[in-house]
Ligand code: FRU
């Protein structure tokens, strides 16, 4: 499992979530599966433990649990940051960067001018499985000459490249198509819709069953404070995304699951999601050193009716608590004053982790109404975080927690059924 060696013992160092060995991380970028490796690129400051010098960090894994961190893949320059984006394998060599025998891995990222005058879309390609990248000499490939245009998600759909990208301050997602990754034609725009209390960022569009899902991150204006992620369900007709409705649907009801997107080309057509486990409200202040931030656990997505369902990819080493209840509480404690409570009360699923936070970043009890009489819970506790899935994965609550040792003792109140506790430290 990641991390190994001395890193394992650092205070609050997650044991089974991806963290960079040192320095700052935010959004997952370029999520891609190729030749037996899952690639996780990420927004990274290679020099400091706060946001800045934005570059693409890189890690690979065969199972999404044990990660090997590689050198920085795409570094910033003195004038520009390498903001969020995606990566594809150009199997048909439409770009001419590689060949059909050795197709290029192409990163499509936002180049952000440090003077904030522009954000434009650029390419970099690799012919050695992401170990080294070359910037395309014809960059940028898409430039609206605007300061707010970012986070392209590119995929090969129905014989063409499709780009899904945010116009953050307009609360819109734009769609573009291309035959070769270099020339892009505008197709349509979606939004404003549902939650518009902050910038729209980091979109993703994908098919689940016979519906299409559009994920949109929003900062601020989330369900709790600060950052949050919403999704829409609808149709994609090759040109436009048509939402079934514009109801608000939150992907997560906690504070710490932002900018999440899914892997391109995952095996067996799986839709696997990773999010950044933090919140712009306090991300730069989180008390970890010499790194900041972890990704969520890998979650397989599916749809049940109009709800997104999230299931953690199985791994036998994960500390887990499972139970069901019609109105009871499970308390997971480090000590008498430091604990988290989870359960069902007055028709609401709740998590209260107030006791695991500091005064200046205070946590408030989180609640989600449910019409279920009995609710099942599945909870994953690592150093520094807790991820709760309720009602078969239709409800997800992800939160950072800071306790000195371990949340290891479990007690119950009220009717708690089928309690199972696996390997808490
Ligand atoms: C989201 C985000 C993106 C941007 C990146 C910069 O967290 O603001 O929109 O590309 O972070 O690091």
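The values are calculated or read from the model by the stated rules, or taken from the named source; none is laboratory data. Bear in mind the structure is a predicted one, so any value in this text is a computation, not a measurement. So basically every Cβ, Gly included, is an ideal-geometry build from the backbone, and we count neighbours across all protein chains shown.
Taking the range 72-91, which residues are free of Cβ contacts under 8 Å to residues at least 24 places away in the same chain and buried (at least 21 other Cβ atoms within 10 Å of the Cβ)?
Correct list: 76 only.
Counting only residues that are within 16 Å of the ligand (Cβ to nearest atom), assigned to a loop (DSSP other than H, G, I, E, B) and within 22 Å of residue 256 (Cβ to Cβ), which one in the range 25-65 is farthest from the chain's Cα centre (by Cα)?
Narrowing the range 25-65 to residues within 16 Å of the ligand (Cβ to nearest atom): 25-31, 40-58.
Restricting the remaining residues to those that are assigned to a loop (DSSP other than H, G, I, E, B) gives 46-54.
Now drop any that are not within 22 Å of residue 256 (Cβ to Cβ), which leaves 48-52, 54.
Values: 48: 22, 49: 20, 50: 19, 51: 17, 52: 19, 54: 17 Å.
Only one residue tops the list, namely 48.
Identify all residues within the range 255-281 that are more than 11 Å from the ligand (Cβ to nearest atom), within 18 Å of residue 220 (Cα to Cα) and crowded, with 19+ Cβ neighbours inside 10 Å; write none if there are none.
Taking the range 255-281 first, the residues more than 11 Å from the ligand (Cβ to nearest atom) are 255-257, 262-274, 277, 281.
In the following step, the residues that additionally are within 18 Å of residue 220 (Cα to Cα) were identified as 255-257, 277, 281.
Those that are more than 11 Å from the ligand (Cβ to nearest atom), within 18 Å of residue 220 (Cα to Cα) and crowded, with 19+ Cβ neighbours inside 10 Å: 255, 256, 257, 277.
Being within 27 Å of residue 282 (Cα to Cα) and either buried (at least 21 other Cβ atoms within 10 Å of the Cβ) or in contact with a helix residue (DSSP H, G or I) (Cβ under 8 Å, 6 or more places away or on another chain) (or both) is true for just one of 321, 349. Which residue is that? Lay out the reasoning, then the answer.
On the way: 321 fails: within 27 Å of residue 282 (Cα to Cα).
Exactly one of 321, 349 is within 27 Å of residue 282 (Cα to Cα) and either buried (at least 21 other Cβ atoms within 10 Å of the Cβ) or in contact with a helix residue (DSSP H, G or I) (Cβ under 8 Å, 6 or more places away or on another chain) (or both), namely 349.
Could you pull out every one of the strands (runs of 3 or more DSSP E) wholly within the range 119-233 that has 1 or more residues that are free of Cβ contacts under 8 Å to residues at least 40 places away in the same chain, in contact with a helix residue (DSSP H, G or I) (Cβ under 8 Å, 6 or more places away or on another chain) and within 14 Å of the ligand (Cβ to nearest atom)?
Details: elements: 119-126, 150-157, 160-167, 172-178, 185-190, 199-208, 211-219.
Where strands (runs of 3 or more DSSP E) fall fully within the range 119-233 and carry at least 1 residues being free of Cβ contacts under 8 Å to residues at least 40 places away in the same chain, in contact with a helix residue (DSSP H, G or I) (Cβ under 8 Å, 6 or more places away or on another chain) and within 14 Å of the ligand (Cβ to nearest atom), they are 199-208.
Is it the case, given these coordinates, that residue 297 is surrounded by 18 or more Cβ atoms within 10 Å (Cβ to Cβ), assigned to a loop (DSSP other than H, G, I, E, B) and in contact with a strand residue (DSSP E or B) (Cβ under 9 Å, 6 or more places away or on another chain)? Let's see the steps before the verdict.
On the way: surrounded by 18 or more Cβ atoms within 10 Å (Cβ to Cβ): yes; assigned to a loop (DSSP other than H, G, I, E, B): yes; in contact with a strand residue (DSSP E or B) (Cβ under 9 Å, 6 or more places away or on another chain): yes.
So residue 297 fits the description; yes.
Given the conditions (1) over 18 Å from residue 264 (Cα atoms); (2) in contact (Cβ under 8 Å) with a residue 12 or more places away in the chain, and given that residue 101 satisfies all but one, which numbered condition is not satisfied?
(2)
One line per residue, one yes/no per condition, for (1) modelled with pLDDT of 95 or more; (2) within 15 Å of residue 249 (Cα to Cα); (3) in contact with a strand residue (DSSP E or B) (Cβ under 7 Å, 6 or more places away or on another chain):
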{"residue": "167", "(1), (2), (3)": "yes, no, yes"}
{"residue": "174", "(1), (2), (3)": "yes, no, yes"}
{"residue": "180", "(1), (2), (3)": "yes, no, no"}
{"residue": "186", "(1), (2), (3)": "yes, no, yes"}
{"residue": "189", "(1), (2), (3)": "yes, no, yes"}
{"residue": "195", "(1), (2), (3)": "yes, yes, yes"}
{"residue": "206", "(1), (2), (3)": "yes, no, yes"}
{"residue": "210", "(1), (2), (3)": "yes, no, no"}
{"residue": "217", "(1), (2), (3)": "yes, yes, yes"}
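Considering only residues that are more than 11 Å from residue 227 (Cα to Cα), in contact (Cβ under 8 Å) with a residue 60 or more places away in the chain and in a loop (DSSP other than H, G, I, E, B), which ones fall in the range 254-270?
We begin by selecting, within the range 254-270, every residue more than 11 Å from residue 227 (Cα to Cα); these are 260-270.
Going one step further and asking which of them are in contact (Cβ under 8 Å) with a residue 60 or more places away in the chain, we end up with 260-267.
Within the range 254-270, 263, 265, 266 qualify.
For the structure I just gave you, tell me whether residue 238 is modelled with pLDDT of 95 or more, in a loop (DSSP other than H, G, I, E, B) and away from the ligand (no atom under 16 Å from the Cβ).
Values: modelled with pLDDT of 95 or more: yes; in a loop (DSSP other than H, G, I, E, B): yes; away from the ligand (no atom under 16 Å from the Cβ): yes.
In short, yes.
Scan the range 364-385 for residues that are assigned to a strand (DSSP E or B) and surrounded by fewer than 16 Cβ atoms within 10 Å (Cβ to Cβ) and jot them down. First the steps, then the outcome.
First, the residues of the range 364-385 that are assigned to a strand (DSSP E or B): 366-369, 375-382, 385.
369 - this is the single residue of the range 364-385 that is assigned to a strand (DSSP E or B) and surrounded by fewer than 16 Cβ atoms within 10 Å (Cβ to Cβ).
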